[in-house]
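The values are calculated or read from the model by the stated rules, or taken from the named source; none is laboratory data. A quick note: this is a predicted structure, and the numbers were derived from the prediction, not measured. Cβ placement follows ideal geometry from the backbone for every residue including glycine, while neighbour counts extend to all protein chains displayed.
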């Protein structure tokens, strides 16, 4: 279980997170929604330690993440980045097998490649892409390779940062379905950041809305449409009029 | 302008410059710390050795060749004023190995390598590849910075040594074909007047310049701002910073090596 309590983060005078309280139960898929620039990605990076929070606590299974042994902590996570963040200089299979070929649990090259090919197959990519470089792939294929890399070491917790941004609706649907299937199949805890409502409905067990650096609303995805919160209603229906000022 | 405003105008950039020097120094210390602790990524080190050493050879070699030739012509025409044309071989050799070989080699490597490292790492930062490395339990300092800095520190002295030889050859070529020197006498004078420390000091300078080039490239790349403009600024800062630091370090090393 991941628990955040009163997490704050400032960039200069700009308060991005103003006291976030959130719990993500083990094995559940939590989707964080919210407008652009509301601190969703910063929140995710705070949990991973890529950005240091200025205040509050972040606990993973009861242990403060700042006191956790870094390698062991990160080994529990997989992450799909918004733009894929594939390493340009490495072939597709080397990207997928990156973690498998380094560190304490290093596998032999042939075994790592076999696992990479299996993960690529799992995300719908054939062995013919394995020896290509990321620049030779389309945006959708890069996202799938990123997904394969995120699940390659079978992590307990997977983060998805805007998994469908920049993709056409059909490819977005494919990625959403893949994420849902993989999370269920692996029994992983998932945290997804998105403002794509089709992703929310496809991926989420639980939803939290982040607004002005605080959790505005949280609840099961089944309660989303019926919730009375005017911020949530404005966001999920994409209305220009409402309590959220569209010009931030 | 009031006195306080004038002081502020001087003080702010001075403090900013000192803070920048401090950050680079801390980055250098962190790099050395990571260099001494495992893991070490040999494959990345080998790739950087090729990139920085082997692929810089043409530009360093051509620079040295033309510099050696021009130096021979200058010393000949200057020396003719007091009948000292005969010193051309020894001055070309000493000038190349002590000063021009390492400094021009270092500057050419700064232009080629510092820019390339800063642009590559800057782009990796902007596209979240460096964050991705961290989430994959790989320390970016160990994976990206240490192999580049070590490769440059080891490769640039070799480039300087090769550049020295090519520069002297450029001087010999001009001396023999344009200035009517006897080939054997030219080479004999070169060897007779050159001391081991002349060459050694140039190679030590090369190592220091290689360290500076890669360190500045990595520092600015890892701290690049957002977007194309951020990467552009990082690249420019890396080349300018490395070039200025090479010239400053050259003066200080020359003081240490040759004035005592």
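Among residues of the stretch B:17-38 that are within 13 Å of residue B:141 (Cβ to Cβ), those with a Cβ under 6 angstrom from a residue that is surrounded by 13 or more Cβ atoms within 10 Å (Cβ to Cβ), sequence gap 6+ or separate chain, pair up as B:27/B:219; B:28/B:215; B:31/B:145; B:31/B:149; B:34/B:141; B:34/B:142; B:34/B:146; B:35/B:146. Where helices (runs of 4 or more DSSP H) sit wholly within the stretch A:163-248, those with at least 2 residues that are crowded, with 20+ Cβ neighbours inside 10 Å, touching a helix residue (DSSP H, G or I) at 6+ places or on another chain (Cβ under 7 Å) and assigned by TED's automatic domain parsing to the domain that holds residue A:36 occupy A:169-186, A:197-203. For the stretch B:102-118, the condition of being in a helix (DSSP H, G or I), crowded, with 24+ Cβ neighbours inside 10 Å and within 14 Å of chain A (Cβ to nearest Cβ) holds for at least one residue.
Considering the conditions (1) within 14 Å of chain A (Cβ to nearest Cβ); (2) within 25 Å of residue B:36 (Cα to Cα); (3) surrounded by fewer than 20 Cβ atoms within 10 Å (Cβ to Cβ), residue B:127 is excluded by exactly one of them, (2). Highlighted here are the helices (runs of 4 or more DSSP H) found entirely within the stretch A:53-124 that include at least 3 residues which are facing chain B (nearest Cβ under 10 Å): A:70-75. Would you call residue A:27 at pLDDT 90 or above, under 19 Å from residue A:200 (Cα atoms) and either part of a loop (DSSP other than H, G, I, E, B) or within 14 Å of chain B (Cβ to nearest Cβ) (or both)? The answer is yes for residue A:27.
Here residue B:165 meets the list (1) buried (at least 23 other Cβ atoms within 10 Å of the Cβ); (2) away from chain A (no Cβ under 12 Å) almost entirely, failing just condition (1). When the residues of the stretch B:133-149 are filtered to those that are facing another protein chain (nearest Cβ under 9 Å) and in a helix (DSSP H, G or I), the one that is farthest from residue B:38 (Cα to Cα) is B:135.
All conditions but one from (1) under 30 Å from residue B:141 (Cβ atoms); (2) at pLDDT below 95; (3) touching a helix residue (DSSP H, G or I) at 6+ places or on another chain (Cβ under 9 Å) apply to residue B:79; the one that does not is (1). Screening B:130, B:91 for residues that are closer than 26 Å to residue B:29 by Cβ and either without any contact (Cβ under 8 Å) to a residue 60 or more places away in the chain or not in a loop (DSSP other than H, G, I, E, B) (or both) leaves exactly one candidate, B:130.
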